[in-house]
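Worksheet: the structure to be examined is printed underneath.
The values are calculated or read from the model by the stated rules, or taken from the named source; none is laboratory data. The structure presented is a predicted model; accordingly, all values stated were derived computationally and were not measured. So basically every Cβ, Gly included, is an ideal-geometry build from the backbone, and we count neighbours across all protein chains shown.
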Amino acid sequence: MNLWDQFLWVIFPYLSLVIFVLGHIYRYVYDQYGWTPKSSQMFERRMLMWGVLLFHWGILFVFIGHVMGLLVPIEVYRAMGVSDHAYHLLALWAGTFFGVIALAGILLLNMRRWFISRVRTNTETMRFITDGLLLVVILSGLFATVGYRIYAAQYDLPAEFEYRENIAPWFRSLFYFAPQAELMLEVPLMFQVHVLLAFVLFALWPFSSLVHVFSIPLGYLRRGYIQYRSSNPQAARARERARRKGQQVPRPERSRNVE
Amino acid sequence: MQVKAQIAMVMNLDKCIGCHTCSVTCKNVWTNRQGTEYQWWNNVETKPGVGYPKLYEDQERWKGGWTLDRKGRLKLKAGGKLRKLLNIFFNPDLPEIEDYYEPWTYDYETLTKAGPSDDQPVARPISQISGDPLDLAWGPNWDDDLAGGTTTARFDPNIRGELEESVRFEYEKVFMMYLPRICEHCLNPSCVASCPSGAMYKREEDGIVLVDQEQCRGWRYCVSGCPYKKVYFNWETGKAEKCTLCYPRIESGQPTICSETCVGRLRYIGLILYDADRVQEAASTPDEKDLLDAQRSVFLDPSDPEVVEQARYDGVPDDWIEAAQRSPIYPLAIEWGVALPLHPEYRTLPMVWYVPPLSPVMGFVEGEGSEADPDDVFPAIDELRIPVQYLANLLSAGDEEVIRNVLKRLAAMRGYMREKNLSGAGADEIADSVGMSPRAVEDMYRLLAIAKYEERYVIPLAHKELAAELEGQQGSCGLDFAGGPGSCAPAEPNGSRRNEAFYAMKEKLEQRAGELGSVPAPNVQFFKSKADFESFHLKGRPQGGGA
Ligand code: HEM
Ligand code: SF4
Ligand code: SF4
Ligand code: SF4
């Protein structure tokens, strides 16, 4: 294994993941004000509706698919009695289905980014890059899933490329800090490209509006409807506690004149 | 009973001349930035008219505010929490920029750079959003003074049923009034309830509704959730912004910019004490027409000793209670009952109330062919359907009786004072006829007509003494506290790197807090843990619109 392979399958992925993690921390600490998907719904509604809905629901299931393929070891499936063939049948059909949905969505989103004047004028470079990169990543992913079968059929290769025996263990090995770069060497080019592009995306992620992914507001379900905030939260809490116990709360003195 | 204080406003619509000064001064202070060009936190719309944004009052379309479910429980009109989360990628009820208007400027460069030529150079309008040339088709006050009203005004959501017919057929006779609007700083704000991020809040002390700019994630549900469309999306920052009730001014006892600069001097600001425990119940009142009374019943009489006792118990400072007792809002809304909330049927319990204008009625009475005696407008108030019904749809959920009573009181006030000025004695029977004492009529006259500055604005200072002293810390090393991460303090003569200035401040504050009894020295003890630090820096501190 040469240095180039080491770079592609060890150094670069780690670089990208470190940037991903530290970048998010940095952004979270220093840029709460910029943490938003920065909606453009006010500027254009119809294309956005289709684009955003197709893309998000598609990508949600694509993400689940990736967890199933990459994080869950193949042994688990075998132990559960899911045959390799059955797995790949599901992966092919469900993967392609949701992949195409996500693709249609991101395609629409890219088109409106570029072709609708007031959306384009108010798009930062990073947004163009990440939207475009998402398109390319999804395209390459679909190309790997569907394209490989077509390619394999022509060359009499096994129709199902078992990425759970090379890409997946390699991916997991990154997190055990025992990277097994050699696993990636024999992987077909289209899978390699998909993986590398995805790591480029991860490196840009924290500096783009994609950070909104980590803000799913589940707290809303638990929170009361009307929120109050006090300029002196401690005193307010003390008052609330005393109120519950039915006690009298000593009170602040009168206001002094403040200029 | 849990007493909370709320800063409230009343506008006396008869005096509004539609000059838009309030809108302009607000804009110059708060929304003259990119991304906010189209936002008018204060706007003045001509009624009848479609308003700003267009047809915002049509809640069947926008789904703002609250409604009751089949069991009579209060729920957001746009649907519950789960429904919002499932729709979070795309907000189906959000207005587009066209519903407000596309902001524009002019291509002045063609003027300044024009060479000699036979033709007059023209500066074309260009969009402030895309920079493209724009064909102007709508603007922030396109239907000002009923301009183009024949085509637009009849779509006004307050014109319905019988009104629709008369307005369509007698358009030239239609009345006109101005309606200045700001955020209502509601007691039951649906914007706050709609925010999935928990970034919107009501201030505990004075009820001002704000958006935490750091916590806002730009889901835009507040924008659609507010039935008055008074939360706006800043397309430059991707965050929501809204009227702040000029809280920095309010805190220092000054009226809001829009009030201070109001040419008609028609705005009143003061405190209302209300029972926070009864807000939900009042907002859930089954019959819309009872909502006005329900909201009034939530307000507490600040001179009732029992209320004062409870207010002190609930931590309302004495000078605030005193300010509530001098508040111009309480008499206008409760004692004389001449101020009414805008669209109480939205169930948000709005806190900017309006004294309805008598002028549409006078317009009819004094109009061509009228037989009525302008001195005796009572019969006209009883008979006139159009303006009264319209005002009722605007201010009392359609209850015309409420409007009639208020208009009669306003008319009686004029009659009483005219009588007094002419004959030298008050005409007690006029006051009697509207169920008011002569004294009350004169007080009302003083507040509405003389309208002294000090009587219009009774705003107590915010209790920021501890927080204010803490500002002394600014510029010293903010993170250099016990257990904190900072170490930027210069080495002290004794060699330690402790920030002595900070510790001196801390001691002083703790000592002060001790003198005040149980009040902790909040912002200092805070820094004991990360959570406290965050709650001060990210949550505890009120964040306004703007940066
Ligand atoms: C599950 C949590 C997520 C939520 C709540 C969410 C929500 C949103 C919202 C509200 C918008 C703004 C749409 C608009 O009005 O312009 C948006 C845009 C976007 N989201 Fe998400 N999103 C989530 C996850 C994701 C994921 C996992 C990805 C990608 C891997 C993603 C990629 C994008 C992109 C690229 C846009 C920009 C679309 C454009 O170009 O206009 N989101 N998202
Ligand atoms: S009027 Fe103001 S407080 Fe009331 S719902 Fe709208 S934005 Fe919220
Ligand atoms: S209170 Fe202040 S922010 Fe609100 S509308 Fe008036 S001037 Fe604007
Ligand atoms: S400044 Fe006063 S009089 Fe002029 S439009 Fe505003 S509210 Fe009306």
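Rundown of residues vs (1) within 11 Å of ligand 1 (Cβ to nearest atom); (2) of a type in the set (K, R); (3) within 14 Å of chain B (Cβ to nearest Cβ), yes/no style:
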| residue | (1), (2), (3) |
| --- | --- |
| A:L103 | no, no, no |
| A:I106 | yes, no, yes |
| A:I116 | yes, no, yes |
| A:F128 | yes, no, no |
| A:L133 | yes, no, no |
| A:L139 | no, no, no |
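Scan region B:156-165 and give yes if some residue there is over 19 Å from B:E98 (Cα atoms), in contact with a Leu (Cβ under 8 Å, 6 or more places away or on another chain) and more than 16 Å from ligand 4 (Cβ to nearest atom), otherwise no. Checked against the condition, which is being over 19 Å from B:E98 (Cα atoms), in contact with a Leu (Cβ under 8 Å, 6 or more places away or on another chain) and more than 16 Å from ligand 4 (Cβ to nearest atom), region B:156-165 yields at least one hit. In region B:39-53, the qualifying residues are those that are away from every other protein chain (no Cβ under 14 Å) and in a loop (DSSP other than H, G, I, E, B), and the one that is farthest from ligand 1 (Cβ to nearest atom) is B:P48. Scan region A:222-231 and tell me whether some residue there is assigned to a loop (DSSP other than H, G, I, E, B) and of a type in the set (A, V, I, L, M). Yes: region A:222-231 contains one or more residues that are assigned to a loop (DSSP other than H, G, I, E, B) and of a type in the set (A, V, I, L, M). Pairs are defined by a Cβ separation below 7 Å, a sequence spacing of at least 6 or placement on different chains, a first member in region B:175-196 that is basic (K, R), and a second member that is assigned to a loop (DSSP other than H, G, I, E, B); the pairs so defined are B:R181/B:Y228. A single entry from B:G218, B:G238, B:G207, B:G225 fulfils the requirement of being more than 8 Å from chain A (Cβ to nearest Cβ) and in contact with a Ser or Thr (Cβ under 9 Å, 6 or more places away or on another chain): B:G225. Kindly indicate whether B:V50 is β-branched (V, I, T), surrounded by 18 or more Cβ atoms within 10 Å (Cβ to Cβ), touching a strand residue (DSSP E or B) at 6+ places or on another chain (Cβ under 6 Å) and under 24 Å from B:P356 (Cα atoms). Answer is no for this residue. Of the helices (runs of 4 or more DSSP H) entirely within region A:119-192, those holding at least 1 residues that are under 25 Å from A:P37 (Cα atoms) occupy A:125-142. Condition check for B:P248 on (1) within 16 Å of ligand 1 (Cβ to nearest atom); (2) outside any loop (DSSP other than H, G, I, E, B); (3) surrounded by fewer than 22 Cβ atoms within 10 Å (Cβ to Cβ): one failure, at (1).
When restricted to residues that are closer than 18 Å to A:L221 by Cα and either away from chain A (no Cβ under 14 Å) or surrounded by 14 or more Cβ atoms within 10 Å (Cβ to Cβ) (or both), region B:67-115 contains 13. Of the helices (runs of 4 or more DSSP H) lying entirely inside region B:405-470, those containing at least 2 residues that are at pLDDT 90 or above span B:428-433, B:438-445, B:453-456.
When residues in region A:1-19 are screened for being of a type in the set (A, V, I, L, M, F, W, C), surrounded by fewer than 17 Cβ atoms within 10 Å (Cβ to Cβ) and modelled with pLDDT of 95 or more, 6 of them pass.
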